[in-house]
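Inspection log for the structure reproduced underneath, given as structure tokens.
No lab work stands behind these numbers, since they all come straight from the coordinates. Predicted model, so just to flag it, every value in this text is computed and none were measured. So basically every Cβ, Gly included, is an ideal-geometry build from the backbone, and we count neighbours across all protein chains shown.
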Amino acid sequence: MASWRRVVFGLILVLCFSGESIVSMAAIKAAYWPSWTNSYRPPSSIDTNYFTHLYYAFLEMDPLTFKLRISPNESVLLSEFTAGIKQRDPRVKTLVSIGGGGSNSTAFALMASSKPSRKIFIDSTVEVARKFGLHGLDLDWEFPANPNEMASLAKLFFEWRGAIEAEAYSSRRPRLLLTAAVYFSPKFFLSDTPRSYPSKAIKYHLDWVNAMCFDYRGSWDTSKTGAHAALYDPKSNISTSYGIDAWVRSGVPQSKLVMGLPLYGRTWKLKDPNVHGIGAPAVGVGPGDTGVLTYTEVVQFKSANNGTVVYDRTTVSTYLYAGDSWVGYDDAQSTVGKIRFAITRHIRGYFFWAVSYDQDWEISRQASEAWGHH
Ligand SMILES: *[C@@H]1O[C@H](CO)[C@@H](O)[C@H](O)[C@H]1NC(C)=O
Ligand SMILES: *[C@@H]1O[C@H](CO)[C@@H](O)[C@H](O)[C@H]1NC(C)=O
Ligand SMILES: *[C@@H]1O[C@H](CO)[C@@H](O)[C@H](O)[C@H]1NC(C)=O
Ligand SMILES: *[C@@H]1O[C@H](CO)[C@@H](O)[C@H](O)[C@H]1NC(C)=O
């Protein structure tokens, strides 16, 4: 008994003396805020209770100068973002995400290909982060196109981390956070140009990566319905469980992996309204601009059309159908199912795309509760 107590006491001592790493292991409950949703979801209306980190999406890099380009309107929005969140809860960290799905990936490749252009970019990002009172920087380069560009990305991460360490030292301020939004898997195994993220550079230089575990199916294949963010897929490796496990195998520590969760659905038009499972024949996209509905719109669509909601255990996803319309999405139940998976994998947390799309904070709240204090 006595030796057992000594072991426990020893463990407690070890935990106390490694205090810093415990603090840095705190769960991440993040979300991106698309600045174009400001008209209905201004930053001051974000319920900060459910988040630890909020990302402003997006700032663009000028493809000629490699500096961040901020219009007067964006400058106002960015200030409102940091001020609005700070006012609601100063503990919540704000970051700015650079790039995004619609950004110029050639320009990122060019910037990352040489040391002088990397430096111009890096210095510009640090200056912007400090000017607007942000806590960190995020790169959403979609996507490095080949192994060469992945090697440039590794150099960029190395020099960027060096720059923010140096800046923190000289300014005597807490170091800026550095994160990246990445593909759901560390390898682009579906592409004609196979390539992998630089997992060592991620491990040593980034605080964490946000794996975009969604958009597996969509308007680019209208032949059949699909769970666009399936946790499991018995027939393929295109799933969140595969992606997260592959990231862990790649050597990125679990403490630096954050799982993406969609607050939107993807829609199809059914070929036969009576055949409405996952993988049912379809003839086009369903409701929503380019076949996308925010979670709020899914809820509205369901009540306006008396839709039938089905939870699918196999994929851990939710879908609804009404007439010939079909929507694959995540509700609170499938979101919580994915969070339980993430907890079993001991990863750091989750993020939503996007904070503005929730319905009365329903999913944000239940996700936060499900994660608890893991
Ligand atoms: C900037 O904001 C003003 C006021 O909201 C608006 O009238 C104007 O169209 C915006 N400019 C751009 C380029 O979006
Ligand atoms: C994208 O970036 C490249 C390289 O900087 C540039 O040549 C091209 O004009 C840019 N394209 C657009 C649409 O801005
Ligand atoms: C999934 O990936 C593993 C290796 O990571 C491979 O062995 C397996 O064949 C793949 N499965 C499918 C269905 O492609
Ligand atoms: C809604 O659908 C259910 C079956 O899913 C049906 O029993 C009910 O009558 C429908 N209600 C309306 C108002 O159409």
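Give the stretch 67-89 a look and list any residue that's more than 16 Å from ligand 1 (Cβ to nearest atom) and part of a loop (DSSP other than H, G, I, E, B), or say none. If you could, list the steps in order and put the result at the bottom.
In the first step, residues of the stretch 67-89 are kept if they are more than 16 Å from ligand 1 (Cβ to nearest atom); the result is 67-68, 82-89.
Lys67, Asp89 - these are the residues of the stretch 67-89 that are more than 16 Å from ligand 1 (Cβ to nearest atom) and part of a loop (DSSP other than H, G, I, E, B).
If Leu64 passes every condition in (1) more than 16 Å from ligand 1 (Cβ to nearest atom); (2) outside any loop (DSSP other than H, G, I, E, B); (3) without any contact (Cβ under 8 Å) to a residue 24 or more places away in the chain but one, which one does it miss?
Every listed condition holds for Leu64 apart from (2).
Name the strands (runs of 3 or more DSSP E) wholly inside the stretch 233-284 in which the number of residues that are on the phi < 0 side of the Ramachandran plot, away from ligand 1 (no atom under 16 Å from the Cβ) and touching a Pro at 6+ places or on another chain (Cβ under 8 Å) is 2 or more. Reasoning before the result, please.
On the way: elements: 257-262, 264-270, 282-284.
Qualifying strands (runs of 3 or more DSSP E): 264-270.
Among the residues of the stretch 114-162, how many are more than 22 Å from the chain's Cα centre (by Cα) and aliphatic (A, V, I, L, M)?
The number of residues fulfilling the criteria is 2.
Among Thr125, Thr106, which is the only one that is within 14 Å of ligand 2 (Cβ to nearest atom) and out of contact with any Gly (no Cβ under 7 Å at 6 or more places or on another chain)? So that I can check it myself, show each step before the final result.
Details: Thr125 fails: within 14 Å of ligand 2 (Cβ to nearest atom).
Just a single option satisfies the conditions, and that option is Thr106.
Among the residues of the stretch 212-224, is there at least one that is on the phi > 0 side of the Ramachandran plot, more than 16 Å from ligand 1 (Cβ to nearest atom) and either within 17 Å of the chain's Cα centre (by Cα) or buried (at least 23 other Cβ atoms within 10 Å of the Cβ) (or both)?
yes
Say we look at the stretch 64-88 and pick out the residues that are β-branched (Val, Ile, Thr) and within 24 Å of the chain's Cα centre (by Cα); which of these is farthest from ligand 2 (Cβ to nearest atom)?
Filtering the stretch 64-88 for residues that are β-branched (Val, Ile, Thr) and within 24 Å of the chain's Cα centre (by Cα), the one farthest from ligand 2 (Cβ to nearest atom) comes out as Ile85.
Matching residues to (1) in a helix (DSSP H, G or I); (2) more than 17 Å from Leu68 (Cα to Cα):
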| position | (1), (2) |
| --- | --- |
| Gly101 | no, no |
| Leu139 | no, no |
| Leu153 | yes, yes |
| Trp160 | yes, no |
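Within the stretch 144-152, is there a residue that is among the hydrophobic types (A, V, I, L, M, F, W, C), under 30 Å from Lys29 (Cβ atoms) and away from ligand 3 (no atom under 16 Å from the Cβ)? Let's see the steps before the verdict.
We begin by selecting, within the stretch 144-152, every residue among the hydrophobic types (A, V, I, L, M, F, W, C); these are 145, 150-151.
Now narrow it down to the ones that are under 30 Å from Lys29 (Cβ atoms): 150.
Add one more test, that the residue is away from ligand 3 (no atom under 16 Å from the Cβ), and what stays is 150.
Yes, that holds for at least one residue.
Identify all residues within the stretch 156-208 that are buried (at least 20 other Cβ atoms within 10 Å of the Cβ), in contact with a Pro (Cβ under 9 Å, 6 or more places away or on another chain) and of a type in the set (A, V, I, L, M); write none if there are none.
Ile202
Within the bounds of the stretch 67-75, is there any residue that is closer than 19 Å to Val182 by Cα, surrounded by 15 or more Cβ atoms within 10 Å (Cβ to Cβ) and without any contact (Cβ under 8 Å) to a residue 60 or more places away in the chain? Can you show your working first?
From the stretch 67-75, those closer than 19 Å to Val182 by Cα are none; that's our starting set.
The answer is no, given that none of the residues of the stretch 67-75 is closer than 19 Å to Val182 by Cα, surrounded by 15 or more Cβ atoms within 10 Å (Cβ to Cβ) and without any contact (Cβ under 8 Å) to a residue 60 or more places away in the chain.
So, Asp330, is that one in contact with a helix residue (DSSP H, G or I) (Cβ under 8 Å, 6 or more places away or on another chain) and under 14 Å from Thr294 (Cβ atoms) or not?
Working: in contact with a helix residue (DSSP H, G or I) (Cβ under 8 Å, 6 or more places away or on another chain): yes; under 14 Å from Thr294 (Cβ atoms): yes.
Yes, satisfied.
Which of the residues that make up the stretch 103-113 are part of a loop (DSSP other than H, G, I, E, B) and either under 13 Å from Trp160 (Cα atoms) or within 16 Å of ligand 1 (Cβ to nearest atom) (or both)? Explain how you work it out, then say what you get.
From the stretch 103-113, those part of a loop (DSSP other than H, G, I, E, B) are 103-104, 113; that's our starting set.
Across the stretch 103-113, there are no qualifying residues.
Within the set of pairs 6+ apart or on separate chains, which have a first residue in the stretch 232-259 that is without any contact (Cβ under 8 Å) to a residue 40 or more places away in the chain, a second that is within 16 Å of ligand 2 (Cβ to nearest atom) and hydrophobic (A, V, I, L, M, F, W, C), and C-beta atoms under 7 Å apart?
Going by the 7 Å Cβ cut-off, there are no qualifying pairs.
When residues of the stretch 23-61 are filtered for being in a loop (DSSP other than H, G, I, E, B) and either in contact (Cβ under 8 Å) with a residue 24 or more places away in the chain or within 24 Å of Ala370 (Cα to Cα) (or both), how many remain? Before you say what the answer is, go through the steps one by one.
At the first step, the residues of the stretch 23-61 found to be in a loop (DSSP other than H, G, I, E, B) are 25-27, 38-42, 46-47, 51-52.
Narrowing the set further to residues that are either in contact (Cβ under 8 Å) with a residue 24 or more places away in the chain or within 24 Å of Ala370 (Cα to Cα) (or both) leaves 25-27, 38, 40-42, 46-47, 51-52.
Within the stretch 23-61, residues that are in a loop (DSSP other than H, G, I, E, B) and either in contact (Cβ under 8 Å) with a residue 24 or more places away in the chain or within 24 Å of Ala370 (Cα to Cα) (or both) number 11.
Can you pull out the residues in the stretch 50-84 that are of a type in the set (S, T, N, Q) and closer than 23 Å to Asp207 by Cβ?
Going residue by residue through the stretch 50-84, those that are of a type in the set (S, T, N, Q) are 52, 65, 71, 73, 75, 79, 82.
Thr52, Thr82 - these are the residues of the stretch 50-84 that are of a type in the set (S, T, N, Q) and closer than 23 Å to Asp207 by Cβ.
State whether the residues of the stretch 177-199 include one that is more than 16 Å from ligand 3 (Cβ to nearest atom), assigned to a strand (DSSP E or B) and among the charged types (D, E, K, R).
no
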